[in-house]
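These notes are about the structure you will find just below.
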């Protein structure tokens with residue numbers, strides 16, 4: 001048996017996932033290594049969504065290569081120079097933005113991913 005992922009409305013999100021309404025960076029400086037995240041669509045022999053042909057995103061591949069280079073530079077730093085994220089602390093940037101959203105205060109949206117890619121409607 002193979003499971004597929006659908007939204008409550010029945011739309012397949014296989015190999016795509018859900019796009020958030022508000023894009024937030026991991027840190028105040030941006031998402032430095034977000035391009036390195038593996039998605040199901042990055043895996044060989046992944047299931048397709050069944051909603052049109054899949055296309056390789058050249059811009060995403062370029063961003064992944066640049067992030068790999070940044071990661072190599074970061075790896076050269078000593079452990080004391082590397083910044084470790086503090087989840088749940090007052091320095092937790094995504095948490096602070098979520099709290100701002102709940103309080104109705106301004107939210108600092110993503111510097112690196114400013115547009116929400118609208119999905120094309122099938123005819």
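Quick note: the coordinates plus some simple rules give every number you see, no bench work behind them. In this text, all values refer to a predicted model and were calculated from it rather than measured experimentally. Counting neighbours? That spans all protein chains shown, and the Cβs are built from the backbone with ideal geometry, glycine included.
Tell me, 89, 9, 110 in order of fewest to most beta-carbon neighbours within 10 Å? Please report the intermediate quantities before stating the final value.
Details: 89 9, 9 5, 110 18.
Least crowded to most crowded, the residues run 9, 89, 110.
With a Förster radius of 30 Å, plug the Cβ-Cβ distance of residue 75 and residue 28 into 1/(1 + (r/R0)^6) and report the FRET value to the nearest 0.05.
On the way: r = 22 Å, r/R0 = 0.74.
Step by step, r from the Cβ atoms, then E = 0.85.
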